[in-house]
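A.B. asks: I have a structure here, written as structure tokens, and I will follow up with some questions on it.
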Amino acid sequence: MKERITINLQDQDDVEVEATIVAGVMAVHTQPWVVGDDSDSTMWVVSHVHTGMTFGIYALDSEQDALEAAGLAALSEAVIDVLSATTAEEAISRTGENFHTTIQKINQVFVDRQRIEAKAEYDRLIESGEIMSPSALEADIRDNGWSGVDHFDDVLELVEDASDKQKQAIVDAFLAHDAAKNGDVQTHDGYAEPGYDDPEYLVLIANWNGYSDGNELEKLLETCGCSIEWSDEWIACGECWKLARTSPDYYGWTPSYVLFHGCEPVCHECMSADEGMQRDYVEQELEDNCDKADTLGLDLEGLDYTRLDEDFQSGLYGGQCADPHKIGAALRERGIERFVFQVDSVGQFDSRFSCWIHNDDMPEGGLELDSTETDGPDPAQRMKAALQDASAKSRGLSGEGVKVATCNADGTADVRLVSKDDFIAGNGNEKGQ
């Protein structure tokens, strides 16, 4: 029979609850406080009648569980001794190793039961087909493509434990359906990008927007041994069909591929394996070209070039003002046209490069260039001037909106007012907005 009793909650006001009393010292009732963020959850608790303390028997799923917990506790002399106390201080003083061990055993009963019930429900879902088997998933994707599955995390675990053959079959089913539908996904055997390891199966590149909610498809394909990349960040080598990045993924990144004749990409691996291709590329694409430089670290000395004994720098730190166009002009004035630039390192705000002269054009006794022949305007000074110009011009703007400034390479700045809506939409950098 239930009766209404007052429960003392530590650090809170007393609350009146409807409870079932067990062994005269335990009250079984709904939990009077909110669990986490779920104010609608109904949990059950076993409280000490005299003090309201739970001693770790709370947040049970049902009244029957709470009654069972109280019954188990009543069988323990250690628990009854503690709960016979009339004050919290007295109850705490009576707790000991046996008491805590008993409480842990009581809680473990429900943990074990929940595990068994969860396993039984899991087995039922698999047997009924509500959790798809890997083979069923493969057939569904082959027929219908990817549209998501129920119990995705459970399905993913089954796929993770499947054989490599089954995993590859799932990927092939997806690719076959995609090819028949739109053919957006491209497949590649591996990477030609330094620092990237080849996947167990394939590298897949596409515009993955819209393929799945929560990236579920991508997670599935990765579980099946694939690497997932975005098509606007990679390019395929025309020789080996492996992938190289086209956009940076860290400050020191440089391209690991070249564009032969301005269009055909060739990766650094294929270039390094073919000296004839290296010579053709250097002579046809880089010689006497102040707008392009070798980023592959080619052995230019082995290709009959000699490095000028100078470390050229370009960047936003003071004095980093070496200009390839001025260097090229100085070399042409000396009758040297077979020169090549090579990028040695790249930082967040600067780069270092070198200049190489073909041995046929190198003057006897070497060559030295004066800084007046190699340096252009200091970018750091230009940036400082542009910021000062932006500040001065911004003070002259008035009206509603957000002030936006664009610093120009010549040391000037363009400033304008844009509406808050345009600024939030990302249109603030467009001149004239």
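A.B. asks: Need a quick list: strands (runs of 3 or more DSSP E) entirely within region 195-273 having at least 2 residues that are within 30 Å of residue 157 (Cα to Cα). If you could, list the steps in order and put the result at the bottom.
C.D. replies: Working: elements: 203-206, 227-230, 234-236, 243-245, 257-260, 264-267.
Where strands (runs of 3 or more DSSP E) fall fully within region 195-273 and carry at least 2 residues being within 30 Å of residue 157 (Cα to Cα), they are 203-206, 227-230.
A.B. asks: Here's a check for you: in region 275-295, which residue that is open to solvent by 40 Å² or more (accessible area, probe 1.4 Å) and under 36 Å from the mean Cα position of the chain (by Cα) is farthest from residue 259 (Cα to Cα)?
C.D. replies: 291
A.B. asks: Within the bounds of region 147-169, is there any residue that is within 30 Å of residue 247 (Cβ to Cβ), open to solvent by less than 60 Å² (accessible area, probe 1.4 Å), part of a helix (DSSP H, G or I) and touching a residue at least 12 places away in the same chain (Cβ under 8 Å)?
C.D. replies: yes
A.B. asks: Going by the structure shown, is residue 267 open to solvent by less than 30 Å² (accessible area, probe 1.4 Å), touching a Ser or Thr at 6+ places or on another chain (Cβ under 8 Å) and not aromatic (Phe, Trp, Tyr)?
C.D. replies: Considered against the rule, which asks whether it is open to solvent by less than 30 Å² (accessible area, probe 1.4 Å), touching a Ser or Thr at 6+ places or on another chain (Cβ under 8 Å) and not aromatic (Phe, Trp, Tyr), residue 267 comes out as yes.
A.B. asks: Also: Which of the residues spanning region 364-388 are in contact (Cβ under 8 Å) with a residue 12 or more places away in the chain, farther than 17 Å from residue 318 by Cβ and open to solvent by 40 Å² or more (accessible area, probe 1.4 Å)?
C.D. replies: Residues satisfying the conditions are 368, 373.
A.B. asks: Can you work out which of the residues in region 137-193 that are polar (S, T, N, Q) and over 16 Å from residue 222 (Cα atoms) is modelled with the highest pLDDT? Give the steps one after another, and end with the answer.
C.D. replies: We begin by selecting, within region 137-193, every residue polar (S, T, N, Q); these are 144, 147, 163, 166, 168, 182, 186-187.
Remaining after also requiring over 16 Å from residue 222 (Cα atoms): 144, 147, 182.
Details: 144: 91, 147: 86, 182: 73.
Ranking the candidates gives 144 first.
A.B. asks: Any idea which of 82, 46, 22, 28 is closer than 24 Å to residue 2 by Cα, surrounded by 18 or more Cβ atoms within 10 Å (Cβ to Cβ) and touching a Phe, Trp or Tyr at 6+ places or on another chain (Cβ under 6 Å)? Walk me through how you get there before you give the answer.
C.D. replies: Details: 46 fails: touching a Phe, Trp or Tyr at 6+ places or on another chain (Cβ under 6 Å); 22 fails: touching a Phe, Trp or Tyr at 6+ places or on another chain (Cβ under 6 Å); 28 fails: touching a Phe, Trp or Tyr at 6+ places or on another chain (Cβ under 6 Å).
Exactly one residue qualifies, and that residue is 82.
A.B. asks: Using the structure shown, decide if residue 119 is charged (D, E, K, R) and over 21 Å from residue 219 (Cβ atoms).
C.D. replies: Values: charged (D, E, K, R): yes; over 21 Å from residue 219 (Cβ atoms): yes.
Yes: the conditions hold for residue 119.
A.B. asks: Can you name every residue in region 217-251 that is acidic (Asp, Glu) and open to solvent by 50 Å² or more (accessible area, probe 1.4 Å)? Even if it seems obvious, please write down each step before you answer.
C.D. replies: Let us first name the residues in region 217-251 that are acidic (Asp, Glu), namely 218, 222, 229, 232-233, 239, 249.
Those that are acidic (Asp, Glu) and open to solvent by 50 Å² or more (accessible area, probe 1.4 Å): 222, 232, 233, 239, 249.
A.B. asks: I need the full set of residues from region 305-318 which are in a loop (DSSP other than H, G, I, E, B) and either closer than 24 Å to residue 267 by Cβ or of a type outside the set (D, E, K, R) (or both), in order please.
C.D. replies: Initially, region 305-318 is screened for residues in a loop (DSSP other than H, G, I, E, B), giving 308-311, 316-318.
Those that are in a loop (DSSP other than H, G, I, E, B) and either closer than 24 Å to residue 267 by Cβ or of a type outside the set (D, E, K, R) (or both): 308, 316, 317, 318.
The values are calculated or read from the model by the stated rules, or taken from the named source; none is laboratory data. Not measured: the values here are computed from a predicted model. Here the Cβ is made from the backbone with ideal geometry for all residues, glycine too, and neighbour counts use every protein chain on show. With ligands, DNA and RNA removed, areas are computed over all heavy atoms of the protein, side chains included. Shrake-Rupley method; radii C 1.70, N 1.55, O 1.52, S 1.80 Å.
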